[in-house]
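Here the structure is laid out as structure tokens; the discussion comes afterwards.
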Amino acid sequence: YQAGQHRYIFFLLFKLMIRIFMKVIFKLVIDFVLVSIIAGCTSQEKKKTEDMPATQEASVAVKNFERAVAPFMMTDPQERAVYLIMHFWDKFDFRDTMYCHTPDITEQALMVFISLFPNAPYSKVSEGVKKMLDSAEVNEVMYNFFQQKAEHYLYDPNSPMRNDEYYILFLEHIVASPKVGESYKIRPQHLLNLAYRNRIGEKAENFVYTTASGKTGKLHDLSAKYILLMFYNPDCQECQRTTEMLKNSPAVSSAVSSGKLKVLAIYTDENLEIWREHLSDMPSLW
């Protein structure tokens, strides 16, 4: 009986040990599988991050900022534009340079900001630009970013938003800013001097031109109620279309014939052979 009892106890202990052993093995297997899955996911995420473009990676790290919203009761379009211009950047963190690497956020916002300008008085646009650039001065990188983007959108000849009057506001701030070194003001000052010339509402600057016969003349010597000044290049398709449009306009032709209008077409390039070859394309009264 005792021997049988011992064998039974041994059997129970052995069975218990087997259960414990199986549980340990099962737990180890589960842990291994979980670790493998986590490691694989981590590796995939790391690979995605490494393959991700810099701008996209930055946009993940930076949250969009909350733009200003005009009060619901403000219905006048000009009032709404003025309000948005003055408060557009209120919740933008100018200290966070990561915004410089998120064109889908910061650059898009600047484009929207500029698009508001034509709907507001120039004086209010000036205040809004100054307020924005004053805020941007807290960070040199951010200030330079807005400076470069303003040149791209407001000065580049290929930009549909190009506007010297609005770009002047940015240039004046740069030239006057104590945060900008004098050597870095040389180019903005040069661009500002150019922008100050031939402004809307002011008399065009005088210049000398040479005709096909070799005679010279001055813009201010032209006597007519209206003067149409056209800069062109014979190889430019848009210039050709514009020339044909003016030639075929009864109003323009009538005004030129009566002496009420004078058209001065200026070729600004250096290849005089091309210019002479296409002189016959221009009306004789121009």
Worksheet item: Within the stretch 119-133, is there a residue that is modelled with pLDDT under 95 and not β-branched (Val, Ile, Thr)?
Response: no
Item to complete: Could you identify the single residue in 75, 106 that is at pLDDT 90 or above and assigned to a loop (DSSP other than H, G, I, E, B)?
Response: 75
Worksheet entry | Count - residues of the stretch 237-271 that are in contact with a strand residue (DSSP E or B) (Cβ under 8 Å, 6 or more places away or on another chain), open to solvent by 90 Å² or more (accessible area, probe 1.4 Å) and among the charged types (D, E, K, R) | 1
Response to the item:
For residue 138, the lone unmet condition from (1) part of a helix (DSSP H, G or I); (2) open to solvent by 20 Å² or more (accessible area, probe 1.4 Å); (3) in contact (Cβ under 8 Å) with a residue 12 or more places away in the chain is (1)
Worksheet item: Looking at the stretch 167-178, is at least one residue within 28 Å of residue 229 (Cα to Cα), touching a Pro at 6+ places or on another chain (Cβ under 7 Å) and not aromatic (Phe, Trp, Tyr)?
Response: yes
Worksheet item: Of the residues that sit in the stretch 75-129 and are farther than 21 Å from residue 160 by Cβ and polar (S, T, N, Q), which one is nearest to the chain's Cα centre (by Cα)?
Response: 102
Worksheet item: Being assigned to a helix (DSSP H, G or I), within 21 Å of residue 168 (Cβ to Cβ), open to solvent by 50 Å² or more (accessible area, probe 1.4 Å) and out of contact with any helix residue (DSSP H, G or I) (no Cβ under 6 Å at 6 or more places or on another chain), is that true of even one residue in the stretch 113-120?
Response: yes
Fill in: Boolean, residue 193 is under 30 Å from residue 176 (Cβ atoms), among the polar types (S, T, N, Q), at pLDDT below 95 and open to solvent by 50 Å² or more (accessible area, probe 1.4 Å)
no
Discussion item. Kindly evaluate residue 133 against the criterion of being surrounded by 15 or more Cβ atoms within 10 Å (Cβ to Cβ) and out of contact with any His (no Cβ under 9 Å at 6 or more places or on another chain).
Written reply: no
Response to the item:
Flagged in the stretch 83-110 as under 17 Å from residue 126 (Cβ atoms) and of a type in the set (A, V, I, L, M), in numbering order, are 84, 85, 86, 110
Practice prompt. Would you tally the residues in the stretch 185-201 being touching a residue at least 24 places away in the same chain (Cβ under 8 Å) and hydrophobic (A, V, I, L, M, F, W, C)?
Written response: 4
Worksheet item: Using beta carbons and a limit of 6 Å, which pairs, at least six apart or on different chains, have the first residue in the stretch 229-258 and closer than 25 Å to residue 207 by Cα and the second one open to solvent by 90 Å² or more (accessible area, probe 1.4 Å)?
Response: 231/268; 256/285
Worksheet, complete the sentence: Reported set for the stretch 160-184 where residues are open to solvent by 80 Å² or more (accessible area, probe 1.4 Å), without any contact (Cβ under 8 Å) to a residue 12 or more places away in the chain and more than 15 Å from the chain's Cα centre (by Cα) is 178, 182, 183, 184
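The values are calculated or read from the model by the stated rules, or taken from the named source; none is laboratory data. In this text, all values refer to a predicted model and were calculated from it rather than measured experimentally. Neighbour counts are summed over all protein chains in view; Cβ atoms, including those assigned to glycine, are modelled from backbone coordinates with ideal geometry. Just the protein is used for accessible areas: all its heavy atoms, side chains included, with ligands, DNA and RNA removed. Shrake-Rupley method; radii C 1.70, N 1.55, O 1.52, S 1.80 Å.
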